[in-house]
Amino acid sequence: MDSTYTTLAAWAIAIGATLNANGVSPPPVFARAGLSFEQIKQSPTERIPIERMTRLWNEAVIASDNPAFGLGVAAHVHPMHFRALGMLTVTCQNIEQSLRKIIHYHALISDAVTLSLTEESDRLGFTIEAREGVTISDAAIDAFFSVIQKFCMEMVHAPGLLQEVWVRRSAPANPEPWQQHFRLPVRFAQARNCLWLTRSVLQLDSVHGDAHMAELNELAVVQSLQQMQIQTLSQRCRAAIQFSAEEGAPTLEAVAQFLQVSPRTLARKLKQEGVTFNQLLQEKRRTLSVHYLTHSNEPITNIALSLGFRDTSNFNRAFQRWFNTTPSQFRESQSQRVLSG
């Protein structure tokens, strides 16, 4: 296993709080995982090697005598625990934007996993998987989905937001705690860990949405990542993707040359990180299209060309696929929000 993978200590602090709530003294449990509970409490932004973190999760399950221990951790997790990234997710305009930010910057919380979205006509699947060669505790997956559920429900008060939960773990002897906690169908022994959300609800305005604060929080997230020197190939690839009205969209070959790797190596390593070059390309187009339409008066034709589209009709089709509206309708809705605000 690659011991360079780490997780933010905030998770361990939440585990300690959950142990206390269950009448279990945290220090001995942490010690069995090779960790100091007192030191971690004093350093919530420190990084913990994933091997020790996984052992801590497993020791907590044993000490609490509760296979569903991870479900209770969400009660002790708040956005501030994840610093700027937590606050960014809360201040995003809607849940879909929040989930995409989590995927984009998740290395700030843990670089031992890959996150991705599966898009279907009526729903969106939010998937978490361990990196190749890394072992993640089942309790950690339970806690992660519980926290995502909690954050989503705090952002948008709407029925039918969540549909079902898929987990890789084998069905427990008593699945009732999972069914009661999520209040959703929970399907065990699945091919992947996936939380399914209703697409129509994901675009509803968040009760905490604040574009200005989100922008500031995102700057803080980027600075934190730079300080941590967490720079995966996919992050470097995102930074290298630059559009040009003259040259169009960058190619895999051009970006590979810029990053000084072969196209085959770039494609293979991106796959290991759970993304493809085309996904990164479209992700950046989506983000920039919203930015230009919201914060500039550039004609839509110019925006389309600057994002590497051959013409406006191609941009319109892509934008409608992403947001179920046209660029002009989106810009008009943003203008109305500013006026009404």
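At an R0 of 45 angstrom, the distance between the Cβ atoms of Asn302 and Asp65 translates into a FRET efficiency of 0.10. In this structure, the amide hydrogen of Arg123, modeled 1.01 Å from its nitrogen in the peptide plane, lies closer than 5 angstrom to those of Arg199, counting only residues at least 5 positions away or on a different chain. Here the 3J(HN,Hα) profile of segment 175-183, calculated from phi with Karplus coefficients 6.51, -1.76 and 1.60 at θ = phi - 60°, is x, 4, x, 5, 5, 5, 5, 7, 6 Hz, Gly and Pro shown as x. Calculated on the alpha-carbon coordinates, the convex hull of segment 78-127 measures out at 77 cubic angstrom per residue. Estimated translational diffusion coefficient (Stokes-Einstein, Kirkwood radius over Cα pairs, 25 °C, 0.890 mPa s) of segment 153-242: 147 µm² per second.
What the pair-distance distribution of segment 135-181 shows, using all Cα-Cα distances binned every 10 Å from zero, is 21, 53, 24, 3 percent.
In nm, what is the difference between 0.36 nm times the number of residues separating Ser224 and Ser36 and their Cα-Cα distance?
Once the chain is fully extended between Ser224 and Ser36, it gains 65.3 nm.
Here is the list for segment 105-192: GluC sites (Glu not before Pro) lying in DSSP coil, each with at most 16 other C-beta atoms within 10 angstrom of its C-beta, are Glu120, Glu132. Note on segment 182-341: semi-axes of the ellipsoid equivalent to its C-alpha gyration tensor, largest first and rounded to whole Å, are 27, 25, 18. Distance between the pseudo-spin-label points of Gln179 and Gln282 (7 Å out from Cα toward the beta carbon): 3.6 nm. The largest-to-smallest principal axis extents of the Cα set in segment 98-182 are 38, 36, 24 Å.
When the chain is described by a simple charge dipole with +1 on each Lys and Arg Cβ and -1 on each Asp and Glu Cβ, the residue from Cys152, Leu35, Gly16 located farthest towards its positive end is Leu35. Evaluated with a Cβ-only charge set (Lys, Arg +1; Asp, Glu -1), the chain carries a dipole of roughly 380 debye about its Cα centre, given to the nearest 20. What value does segment 234-324 have for Rg/Rh, both radii from Cα atoms and Rh as Kirkwood defines it? In segment 234-324, Rg relative to Rh is 1.00. Summed over the residues of segment 187-341 and divided among them, the accessible surface reaches 58 Å² per residue at a probe radius of 1.4 Å.
Take the Cβ atoms of Arg317 and Gln242, set R0 to 22 Å, and the FRET efficiency comes out at 0.45.
The apolar share of the surface of segment 103-197, taken as the fraction of accessible area on carbon and sulfur atoms (1.4 Å probe, ligands and nucleic acids excluded), comes to 50 percent.
Magnitude of the charge dipole for segment 78-217, about its Cα centre and with charges confined to Cβ atoms of Lys, Arg (+1) and Asp, Glu (-1), is about 200 debye.
One chain, two ends: Ser200 and Lys150. Fully extended at 0.36 nm per residue, the span grows by 16.2 nm beyond their Cα-Cα distance. Volume per residue of the convex hull around the Cα atoms, evaluated for segment 1-97, comes out as 118 Å³. For the pair Glu46 and Met213, a Förster radius of 41 Å applied to the C-beta separation gives a FRET efficiency near 0.95, rounded to the nearest 0.05. The alpha-carbon of Lys269 sits under 20 angstrom from the alpha-carbons of these lysines, leaving out residues fewer than 8 places away in its chain: Lys284. Taking amide H atoms as placed 1.01 Å from N in the peptide plane, the amide H of Asn193 lies under 5 Å from those of Ile128, Arg168, each 5 or more residues away in sequence or on another chain. Residues whose amide H lies under 5 Å from that of Glu46, counting only those 5 or more places away or on a different chain, are Ala9; hydrogens are built 1.01 Å from N in the peptide plane.
Counted over the chain, the DSSP beta bridges are approximately 90% antiparallel.
The values are calculated or read from the model by the stated rules, or taken from the named source; none is laboratory data. It should be emphasised that the depicted structure is a prediction, and the values quoted were computed from it without experimental measurement. Please note: Cβ atoms are built from the backbone with ideal geometry, for glycine as well, and neighbour counts cover all protein chains shown. All accessible areas refer to the heavy atoms of the entire protein, side chains included, with ligands and DNA or RNA removed. Shrake-Rupley method; radii C 1.70, N 1.55, O 1.52, S 1.80 Å.
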